[in-house]
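Structure, as structure tokens:
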Amino acid sequence: MPELPEVETTVRGLIRYLEGERIARLTLNRQDLRRPFPEGLVQAMTGATVTTLGRRAKYGLIHIDRGSTMIFHLGMSGRWRIEPSQIEKHDHLVLETGSGHVLALNDARRFGSVDLVDTAALDSWPPFAAIGPEPLGDGLTPRHLQQAFAARIAPIKQLLLDQRIVAGLGNIYVCEALHRAGIRPDKEAGAVSLAALKRLVPAIQEVLTESIAAGGSTIRDYAQPSGELGYFASAWQVYGREGDPCACGSPVQRFVQGGRSTFWCAKCQK
Ligand SMILES: [Zn+2]
């Protein structure tokens, strides 16, 4: 499932093909993904020029010169195929640029989505209005977490996965960041000290930044028809490593929390 670093890497990969380009054609090969494609999408995009691209949480943003933004979410299985040799069954939306680039949004399971929103109103678009600060932006601070966690008895890991508190953090990154910061995943959020939160914020940012950097190095894969960005599993300290020794020598443990696996080290995380 594409997480924030994969979406960021996707957006960076798309920039070189789309930024400053005119959209010569947008083709929809079906009516919907998780929900219908927006009405008027083809008309809005055709002939428009892409000004910039961006990301908010796990959404990719394609801004056009007509004051609107095409927003895509990759769901469980979505990916952009760049210069595909032929259009395949799950290429549901295809963009062709004025200089001849072809980009296909492929989504076999169709949990993804595409929306068209006025650029000036993006912050009040309901999915964005409800979410917390970007983990790599200035809004994620130890004080922000302290306020969000105040008096909360839920485990810190659960609250870090809550998009209203921090945007776009997934299970892997939360496990890794808590390990790096030395915080037990099941610790009551309201009881985590400010000192620990001061370790946690940079830990979150480092884990994400390193993953984006690793993704950037494999970005060429996107140009392959079969190209799909995977996780960079060798870099994980605890995620998916139950029973393996942590760097401290103690075995990595796993338990299920809120229906999802949590990996952690009982010696390093207090
Ligand atoms: Zn350890």
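Structure notes:
- Qualifying residue in the stretch 105-113 (condition: closer than 30 Å to G13 by Cβ, polar (S, T, N, Q), touching a His at 6+ places or on another chain (Cβ under 7 Å) and at pLDDT below 95): yes
- Within the stretch 162-180, the residues that satisfy the criterion of being over 14 Å from F263 (Cβ atoms) and surrounded by fewer than 22 Cβ atoms within 10 Å (Cβ to Cβ) are D162, Q163, R164, I165.
- Odd one out for A151, checked against (1) out of contact with any Leu (no Cβ under 6 Å at 6 or more places or on another chain); (2) farther than 30 Å from D65 by Cα; (3) surrounded by 15 or more Cβ atoms within 10 Å (Cβ to Cβ); (4) of a type in the set (A, V, I, L, M): (3)
- The stretch 80-132, residues that are basic (K, R) and either in contact with a Ser or Thr (Cβ under 8 Å, 6 or more places away or on another chain) or assigned to a loop (DSSP other than H, G, I, E, B) (or both): K89, R109, R110
- Single condition T27 does not satisfy, out of (1) in a helix (DSSP H, G or I); (2) of a type in the set (S, T, N, Q); (3) at pLDDT 90 or above: (1)
Quick grid of which residues meet (1) under 14 Å from L95 (Cβ atoms); (2) under 14 Å from the mean Cα position of the chain (by Cα):
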{"residue": "T10", "(1), (2)": "yes, yes"}
{"residue": "L18", "(1), (2)": "yes, no"}
{"residue": "L28", "(1), (2)": "yes, no"}
{"residue": "R34", "(1), (2)": "no, no"}
{"residue": "A44", "(1), (2)": "yes, no"}
{"residue": "T51", "(1), (2)": "no, no"}
{"residue": "I62", "(1), (2)": "yes, no"}
{"residue": "R66", "(1), (2)": "no, no"}
{"residue": "L74", "(1), (2)": "no, yes"}
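- Residue list for the stretch 247-265, restricted to those being within 13 Å of the ligand (Cβ to nearest atom) and free of Cβ contacts under 8 Å to residues at least 24 places away in the same chain: A247, C248, G249, S250, P251, V252, Q253
- Checking H92 against (1) surrounded by 14 or more Cβ atoms within 10 Å (Cβ to Cβ); (2) under 30 Å from V201 (Cβ atoms), the condition it does not meet: (2)
- If the condition is being modelled with pLDDT under 90, part of a loop (DSSP other than H, G, I, E, B) and farther than 25 Å from L14 by Cβ, then the stretch 228-239 contributes only W236.
The values are calculated or read from the model by the stated rules, or taken from the named source; none is laboratory data. All values derive from a computational prediction rather than experimental measurement. Note that we place each Cβ from the backbone using ideal geometry, even for glycine, and neighbour counts take in every protein chain shown.
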